[in-house]
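Here the structure comes first, spelled out in structure tokens, and everything after it is commentary.
The values are calculated or read from the model by the stated rules, or taken from the named source; none is laboratory data. On a predicted model such as this, the values are computed, not experimentally measured, just so you know. A quick note on method: Cβ atoms are made from the backbone with ideal geometry, for glycine too, and the neighbour counts reach across all protein chains shown.
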Amino acid sequence: MLICPACNRRGIGLLDKFWSGSDTPCRCRHCGGLSYIHSKHRYGLQSGWPAAVNVLAVTALLLGYYYNPHPAFLGAAVFSWIACAVWEVCIAPLQQITEAEAAHSNRFGYLTVIFVMIIAGAFAHCDGSPAATASDDSDAIYAAGERASSCEADAIAALFGLSLKESRASTHNATNAEALSGANEQVFLSCPNEFLKVLSQHDHQAQSAVAYYFAIFETERVRSLLGQFASHPDYAALVERNFAHLLDTATN
């Protein structure tokens with residue numbers, strides 16, 4: 001048991017002291033007085049020996065990591081900091097506080113939590129806002145289109161992945177849409193068999209995304225080439241499902 005600053009008797013448990021704060025003070029078992037540890041003593045830098053050991057140990061461990069970048073040094077540095085912080089809490093003096101002061105600190109603590117939650121929510125909203133999702137990726141799309149023009153399956157699949165990514169964005173970027181359509185058309189016109197083969201290996205959502213960003217510029221050439229696959233034993237169903245609107249236009 002630890003000595004209460006109000007009555008100078010041992011009436012406060014070590015764990016009660018450890019978890020105490022101005023909003024959650026510990027209560028003496030003899031006099032009922034309230035006391036707490038000031039928050040400045042919770043970081044291992046306010047008392048002599050804990051602060052000295054903390055600085056020396058953390059500095060030595062970080063230097064060790066600098067010369068030999070092993071994760072164990074970082075883990076030991078964090079452990080040392082926590083251990084010194086606990087040490088300081090154990091030897092830190094308790095300060096008296098009244099019931100009214102504790103109640104006021106408790107209300108202030110709730111307001112702080114609410115404020116932090118509002119700020120965190122605002123940042124989370126900004127991360128998913130249109131400005132974050134409608135970025136201009138046209139350079140990456142053009143580069144992917146150039147690679148896919150080699151007719152390699154992996155490169156074509158990567159281009160399709162960009163189409164799917166853009167289709168899932170909450171706000172679509174017109175520059176990205178034009179770049180995707182141009183790239184998809186270029187690859188299809190260069191290697192139609194490989195284009196349809198890779199597309200057939202993707203799920204319906206990805207196929208719909210590619211079909212959406214398609215046939216904006218070279219519409220007639222694309223339509224004419226698609227017509228040649230309308231009766232293909234391997235791709236007829238794929239063409240009908242995703243590009244029927246182009247074939248219907250040709251028919252009409």
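A compact table of results
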{"quantity": "Test: residue in segment 236-251 that is outside any helix (DSSP H, G or I) and either in contact (Cβ under 8 Å) with a residue 60 or more places away in the chain or among the β-branched types (V, I, T) (or both)", "calculated": "no"}
{"quantity": "Boolean, S190 is under 26 Å from the mean Cα position of the chain (by Cα) and within 22 Å of R223 (Cα to Cα)", "calculated": "no"}
{"quantity": "Boolean, W81 is out of contact with any strand residue (DSSP E or B) (no Cβ under 8 Å at 6 or more places or on another chain) and either at pLDDT 85 or above or closer than 20 Å to C26 by Cβ (or both)", "calculated": "no"}
{"quantity": "Residues of segment 196-218 that turn out to be surrounded by 15 or more Cβ atoms within 10 Å (Cβ to Cβ) and over 16 Å from I141 (Cβ atoms), as a count", "calculated": "10"}
{"quantity": "Residue within segment 36-57 that is at pLDDT 90 or above, surrounded by 15 or more Cβ atoms within 10 Å (Cβ to Cβ) and within 18 Å of G13 (Cα to Cα) present", "calculated": "no"}
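Each row is one residue, and each column tells you yes or no for (1) under 19 Å from R221 (Cα atoms); (2) surrounded by 15 or more Cβ atoms within 10 Å (Cβ to Cβ); (3) modelled with pLDDT of 95 or more.
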position: G145; (1), (2), (3): yes, yes, no
position: L164; (1), (2), (3): no, yes, no
position: S167; (1), (2), (3): no, yes, no
position: T171; (1), (2), (3): no, no, no
position: N176; (1), (2), (3): no, yes, no
